[in-house]
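First comes the structure, then the notes that go with it.
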Amino acid sequence: MSRNRFAVLIPLSVALLGSAACQANDSEADGQEAAEASSAQPQPREDMQEQMALAAEIEEINRQLVAIRDQALQNPELKAMEQEFEQQIEGVIQEIDPENTAHRMQFDSLRVELGAAQQAGDQEKVMSVSMELQTLQTDLNQTENAALANPEVAASIETLRELLFAEMRSIDPRTDSLMNRAEELGGILQAAMANQAAGAAAAAEAAPGEGGS
């Protein structure tokens, strides 16, 4: 499949683990900028290192869960149901947007065009194509999200999720513990990032007053 919509069967908390790790990388850069902007309350380097360690463990757990999921999807029954699910959601998408196939082809064409513009160093073209791609991507995502919210599709997702996790547990009994650990680490990481953001905001507010004294 060109787009693995079956990934929606993995709970959102796990699907977003990669994003949490990326945010941790971004937060390190933000913390460094905040420390440079204000010497009153510099961000401890240990805090950033702890966040990076949390993100690394989350990524490792996510890798293991994806490997278990992929192995589970080799089950003939699940593979057949996956194909039926794809057909079902494609049908709903076409009902929502009859031009969806053409829009996807246009998206792929624009990506090729963007790559050519980048290689040619045509920054004006890169910017215009990038904006067009972003608009089209938003439209495609909205259509797919609407399809996923369809009651019949949602019911299929729930059934498939139950079957998928049953197969994952039979392959690796650690599945539930890995999921729970990932959610626990995700909560710790989100809290740490929120505290860092609050500290950076407080330091930024304090900086002008100090500069004026």
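The values are calculated or read from the model by the stated rules, or taken from the named source; none is laboratory data. Predicted, not measured: the structure shown is a model, and the values here were computed from it. Just the protein is used for accessible areas: all its heavy atoms, side chains included, with ligands, DNA and RNA removed. Shrake-Rupley method; radii C 1.70, N 1.55, O 1.52, S 1.80 Å.
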Surface accessible to a 1.4 Å probe, per residue, for the residues of segment 65-213, Å²
60
If you roll a 1.4 Å probe over segment 95-213 with all protein chains in place, what percent of the accessible area is carbon or sulfur?
54
